[in-house]
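FYI, it's all coordinate maths here, none of it is from the lab. Keep in mind it's a predicted model, so treat the numbers as computed, not measured. Ideal geometry is used to build each Cβ from the backbone, glycine not excepted, and the neighbour counts take in all protein chains shown.
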């Protein structure tokens, strides 16, 4: 089994001690990391230097991060096409908009709304990990997602940072 840790909307200028600790605890066993944007600064990804990392910038990222990370990304892991973007606009129809960008993907990872969700859109799995903060600015508990790839396909799960 291959496990991908998925996070978004960290909104950090630099990785602080809480972020480092929670990443070790919750994402340490993952084979790869996907960050769906709004890191603010690319140094946030330094925490994952020993892992394969896929990331995009978001609307709140600084100029340096925007210059280094793409707005959208498509990659393949174990034969599955995974698309990655931050997302834009209102929350109410964000899944329609991200699906229209990547209609042939097996899985689309996005952020922006700070609302965690795992849904199927036809045969495509859409994953929004929510905001990887203790409490997001919209009042939702901080969260992340895990994507597991095994012989039977893609399997996603959402996890709260409040879980013990």
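Side notes on the structure shown:
- Burial ordering of 131, 100, fewest other beta-carbon atoms within 10 Å first: 100, 131
- Highest mean packing comes first when the peptides 119-126, 43-50, 142-149 are listed by Cβ atoms within 10 Å, giving 142-149, 43-50, 119-126.
- Relative packing of 29-37, 72-80, which averages over residues the other C-beta atoms within 10 Å, highest first: 29-37, 72-80
- In the distance distribution for segment 80-141, Cα-Cα pairs more than 18 Å apart total 30 percent.
- Based on Cα contacts under 8 Å between residues 6+ apart, the chain shows a relative contact order of 22 percent.
- Anisotropy class of the chain from Cα gyration tensor, a/c 1.5 cut: rounded
- Label point distance in nm, residue 150-residue 119, each placed 7 Å from Cα along Cα→Cβ: 2.7 nm
- The fewest-to-most ranking of 1, 101 by surrounding Cβ atoms within 10 Å reads 1, 101.
- Taking label positions 7 Å along the Cα-Cβ direction at both residue 96 and residue 16, the computed distance is 3.8 nm, reported to one decimal.
- This ranking places 54, 18 by how few other beta-carbon atoms lie within 10 Å of each, fewest first, which gives 18, 54.
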